[in-house]
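Student: Quick one: the structure is below, and I'll ask about it shortly.
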Protein chains: 6
Amino acid sequence: MRGFYIGRFQPYHNGHHRMVEEIATEVDELVLGIGSAGDSHSPRNPFTAGERIMMVNKAVSDFDITTYAVPIEDLDRNSVWVSHVQSMSPAFEVAYSNNPLVIQLFKEAGVEVHQSPMFNREVLEGTEVRQRMIEDRDWESLVPDEVADVVREIDGIERLQRVTATDGSERVGDDGSRDPNPC
Amino acid sequence: MRGFYIGRFQPYHNGHHRMVEEIATEVDELVLGIGSAGDSHSPRNPFTAGERIMMVNKAVSDFDITTYAVPIEDLDRNSVWVSHVQSMSPAFEVAYSNNPLVIQLFKEAGVEVHQSPMFNREVLEGTEVRQRMIEDRDWESLVPDEVADVVREIDGIERLQRVTATDGSERVGDDGSRDPNPC
Amino acid sequence: MRGFYIGRFQPYHNGHHRMVEEIATEVDELVLGIGSAGDSHSPRNPFTAGERIMMVNKAVSDFDITTYAVPIEDLDRNSVWVSHVQSMSPAFEVAYSNNPLVIQLFKEAGVEVHQSPMFNREVLEGTEVRQRMIEDRDWESLVPDEVADVVREIDGIERLQRVTATDGSERVGDDGSRDPNPC
Amino acid sequence: MRGFYIGRFQPYHNGHHRMVEEIATEVDELVLGIGSAGDSHSPRNPFTAGERIMMVNKAVSDFDITTYAVPIEDLDRNSVWVSHVQSMSPAFEVAYSNNPLVIQLFKEAGVEVHQSPMFNREVLEGTEVRQRMIEDRDWESLVPDEVADVVREIDGIERLQRVTATDGSERVGDDGSRDPNPC
Amino acid sequence: MRGFYIGRFQPYHNGHHRMVEEIATEVDELVLGIGSAGDSHSPRNPFTAGERIMMVNKAVSDFDITTYAVPIEDLDRNSVWVSHVQSMSPAFEVAYSNNPLVIQLFKEAGVEVHQSPMFNREVLEGTEVRQRMIEDRDWESLVPDEVADVVREIDGIERLQRVTATDGSERVGDDGSRDPNPC
Amino acid sequence: MRGFYIGRFQPYHNGHHRMVEEIATEVDELVLGIGSAGDSHSPRNPFTAGERIMMVNKAVSDFDITTYAVPIEDLDRNSVWVSHVQSMSPAFEVAYSNNPLVIQLFKEAGVEVHQSPMFNREVLEGTEVRQRMIEDRDWESLVPDEVADVVREIDGIERLQRVTATDGSERVGDDGSRDPNPC
């Protein structure tokens, strides 16, 4: 049986890793959908899809299941999102998610969805990892070693810190440093 | 004379209904533009364009004018919005709106716009109806009976409640349950 | 040597003008990229690209360098933004910016970027100019005379005030007057 | 039971009309999806979605079933086309088509499709009607009277002839008069 | 009075130049809209918008009128094309074109259009110039000197020849060398 | 060293397989970019990205290098294509292609490109395989066994034959069966 698990993986961290570990007890193959694949270089989405493919592939290589890391670009239309995912991904029988919108969309499309109380932790940790990266505090302990290697190789901390920088209060409010078209 | 009245109709409620009633005294035919037609399954836009067409068509069937329910997808460019609307809609001589941006865009394009003090109520009620749906309080009294029928038929309350769910505080802030690409 | 300087120029004001003055001491030719070119008729982006071209061209005509005002539409993908800019602009050797994201994107693409402490002021002033326009306070002293002429010619103050209007508290929150699809 | 029948309706002609007549014997309600809704002013798609809504609504008013004319903009992705149609249209139980791609897409999505040998005629006639319009030959006899009225009211023949004009052989080949960006 | 003249300018050649010369007798200012601005590196559209801005600006600098070279990206919707052009361009009172579709769109929008029998030549020459470039025959005599300089500076002939190459008959038909996604 | 090789893989066939075999002698890791990832259900692009990921992954599993199958959606702008590919793919040092446009785009971006005379065969074979599938002639001998398995599992022959069907000469010309919006 093949399962599908979507995340933004910005970056792939221990919360994701524990989920994959749990899912691996139920399926033979797992598609890891890399969401918002077109986004990068922003405080919430610092890494490109290609960089996230590297993180995911290296980190899950130990598990004893076949995995596929598949970037999924945003379509920004909830009503066609499931069809979009299904066209980009190898066919799957069950989706794993604790996100209420994802669950609703899959259910309306007749796709089986599995939830797990432990899934909630993943969300907390994504924000926490990026915040620690920005503040130069220990983030390596929250991600698999392979992910830390990738982040360092691409100078990921420097990038995240730069795109988060606000140059003091001037940028807050109207303009914001996340927009490449300032002033 | 044919008029044009745009709204998101999420859902079509008594405020809209009173407006159509008033407009019906001035025109023979009325186009009801269903705005943000591509949006659905979100707290602010729970219903699809097709579902909203059903609500509008059933609710206005009593009025003694010819009506057209026309979905209008967002183009996200204010400067071409009027041309977009005009290409999607049967030709109209007057637009009805109290929205300052809509008024400004139509006026710059040379289209006559009618305003009415009572139009303001429509805005208040849209938010109120959705909030009551989320909290399982009486919402049926704020919409025409035909709309309540449609909402129930499509399990609309369950959908709105699910896509609004936040699973506790974990989702607030960085990730948000409105994004199908969590974590 | 040809330089590149991007801004939204909503409107082009004295802060921009001082920057161009400083840049003009370093380059022979300067491309002024008009960012978010497709946006207009909103509180943050009231003027069209065409109107901004007029402002920029008239205001910089005194400088003793060759200038190009080039509208740059948003692509909404940071990873291809530099390539997009490079395809729309005459070739340039150096970019001028104090925006951290712009700097990061140009640097990753191998483009030289110059910063200047004085650049910060530009941001403050864009918001200030629009706020004064909305409140009918003196804004003319913050922009070159040629820009004030353009704004008056297009009834720019009236437009900005209208698209910023909220019709009282009813519009705040769920709907907002910036969205042409209200209710 | 509600059915769905899609066409470009450029214009709505007697072939379409006979199909609706036949479908009307099987369903109570019929959605007429107006395909390629964003296209207009070209030899193959001369009329806007709004103009086609008028043609369809006026022509089908005699039938004893409830009809909905719904513009469907192109998404240009076959894999999500059915979801797109379903979100824009009131829910339907059966689709009517003789187009092999439409049939295949609906079948893969589990939607029932009805075919009919007579459906083929519709295709032939669309090209024929436009050709006659271009050549100023009798086209009125191929469309319902209400459609002829709409075409005349919008100066449709003049428009079609103009956008089909090629100014002699110069335009053939590389450039083509259908592209608003010549040379 | 300000005029508007659109072309793809691939490249800007003597036919365009003669048109600008003629238009210059009627207007004080002229906007040269650079159409299909996002296209480049193809047999029909070899040059980027930025490269074409350079060609146009250098070539028209001798004329005694104020000129603006403005890139216009395709929107692929004829019905909103005029609004799109008007938002990107400084305001103009008259448009110059011999393209039937352009004329029709401007006329339906109420914009005055001037035609000229000599305009036809521009079309012929665009194809001819590119064909000569591909075949290494004399093309310089068909364009202003300044344009020839730009083409050489950017290695334009080599680029056009490469993107036109077909590697023999293998590429003809199904795949084509114009598509970056072969096989 | 990591290489990049792009194709549409409709389907992945022996020509592709021999290329990967040759490339595998030069690199340790290879990214297989699945081009036109959003296209499917058409005569030239019958299979979805997800289906092609399955074909590629199963077929290359024997090679002694690490491979990544990465879907690449079309952006339709040659000038940003390389940046788009680089953001979607794990970083690579060399690209493999015989497509003149791909070579030109990579070279202008400073990416090393390797060509090989044998690469030409891949193009011929893609068309040939699909033609045989349509005509129910032997196609299995032109693809790896794993690919044939995938095609059969998804009823790929039936799909290709259906979306290629033209229902006789009626569909040829104006309408075409490839367009889901006929008539």
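The values are calculated or read from the model by the stated rules, or taken from the named source; none is laboratory data. These numbers were taken from a predicted model, which means no experiment stands behind them. Virtual Cβ from ideal backbone geometry, glycine too; neighbours counted across all protein chains shown. Remember, those area values only see protein heavy atoms, side chains included, never the ligands or the DNA or RNA. Shrake-Rupley method; radii C 1.70, N 1.55, O 1.52, S 1.80 Å.
Student: Show the residue pairs that are 6+ apart or on different chains and have beta-carbon atoms under 6 Å apart, the first residue being within the range B:25-46 and farther than 20 Å from residue B:62 by Cβ, the second being of a type in the set (Gly, Ala, Ser).
Tutor: B:37/B:49; B:40/A:79; B:45/B:36
Student: While we're on this one: How many of the residues in the range F:97-115 are under 19 Å from residue E:40 (Cα atoms), open to solvent by less than 10 Å² (accessible area, probe 1.4 Å) and in a loop (DSSP other than H, G, I, E, B)?
Tutor: Qualifying residue count, the range F:97-115: 1.
Student: Among the residues of the range C:61-72, which ones are assigned to a helix (DSSP H, G or I) and either on the phi > 0 side of the Ramachandran plot or in contact with a strand residue (DSSP E or B) (Cβ under 9 Å, 6 or more places away or on another chain) (or both)?
Tutor: Answer for the range C:61-72, where residues must be assigned to a helix (DSSP H, G or I) and either on the phi > 0 side of the Ramachandran plot or in contact with a strand residue (DSSP E or B) (Cβ under 9 Å, 6 or more places away or on another chain) (or both): just C:61.
Student: Give just the number: which of (1) out of contact with any Phe, Trp or Tyr (no Cβ under 9 Å at 6 or more places or on another chain); (2) small (Gly, Ala, Ser); (3) open to solvent by 10 Å² or more (accessible area, probe 1.4 Å); (4) under 27 Å from residue A:81 (Cβ atoms) does residue D:61 not satisfy?
Tutor: Going through (1) out of contact with any Phe, Trp or Tyr (no Cβ under 9 Å at 6 or more places or on another chain); (2) small (Gly, Ala, Ser); (3) open to solvent by 10 Å² or more (accessible area, probe 1.4 Å); (4) under 27 Å from residue A:81 (Cβ atoms) one by one, residue D:61 breaks only (4).
Student: Follow-up question, since we're still on this one. Mind telling me which of the residues A:52, A:8 ends up being more than 7 Å from every other protein chain (Cβ to nearest Cβ), open to solvent by less than 10 Å² (accessible area, probe 1.4 Å) and among the charged types (D, E, K, R)?
Tutor: Just a single option satisfies the conditions, and that option is A:52.
Student: So which residues in the range F:106-159 are of a type in the set (Phe, Trp, Tyr), at pLDDT 95 or above and out of contact with any Lys or Arg (no Cβ under 7 Å at 6 or more places or on another chain), if there are any at all?
Tutor: Hit for the range F:106-159 is F:106, nothing else.
Student: Test residue F:75 against the stated conditions and say whether it is closer than 30 Å to residue C:82 by Cα and outside any loop (DSSP other than H, G, I, E, B).
Tutor: In short, no.
Student: Let me ask something else. Which one of these is touching a residue at least 60 places away in the same chain (Cβ under 8 Å), among the charged types (D, E, K, R) and open to solvent by 50 Å² or more (accessible area, probe 1.4 Å): D:74, D:136, D:149?
Tutor: Only one candidate qualifies: D:149.
Student: Could you please let me know if residue F:58 is farther than 28 Å from residue F:160 by Cα, more than 13 Å from chain C (Cβ to nearest Cβ), of a type in the set (D, E, K, R) and not in a loop (DSSP other than H, G, I, E, B)?
Tutor: Criteria not met by residue F:58.
Student: A further question on this structure: Across the range D:155-164, what is the number of residues that are of a type in the set (A, V, I, L, M) and surrounded by fewer than 19 Cβ atoms within 10 Å (Cβ to Cβ)?
Tutor: Selection size over the range D:155-164: 1.
Student: Turning to a different aspect of this structure: Looking at the range A:84-104, which of its residues are farther than 16 Å from residue A:3 by Cα and within 13 Å of chain D (Cβ to nearest Cβ)?
Tutor: The answer is A:84, and nothing else.
Student: Hey, can you tell me all the residues within the range B:84-96 that are in contact (Cβ under 8 Å) with a residue 24 or more places away in the chain and open to solvent by 10 Å² or more (accessible area, probe 1.4 Å)?
Tutor: B:91, B:92, B:93
Student: Which of the residues belonging to the range D:11-49 are closer than 24 Å to residue D:153 by Cα, among the polar types (S, T, N, Q) and either out of contact with any helix residue (DSSP H, G or I) (no Cβ under 9 Å at 6 or more places or on another chain) or more than 9 Å from chain F (Cβ to nearest Cβ) (or both)?
Tutor: Result: D:14, D:40, D:42, D:45, D:48.
Student: Among the basic types (Lys, Arg) and either in contact with a Ser or Thr (Cβ under 6 Å, 6 or more places away or on another chain) or part of a loop (DSSP other than H, G, I, E, B) (or both): does that describe residue A:52?
Tutor: No: the conditions fail for residue A:52.
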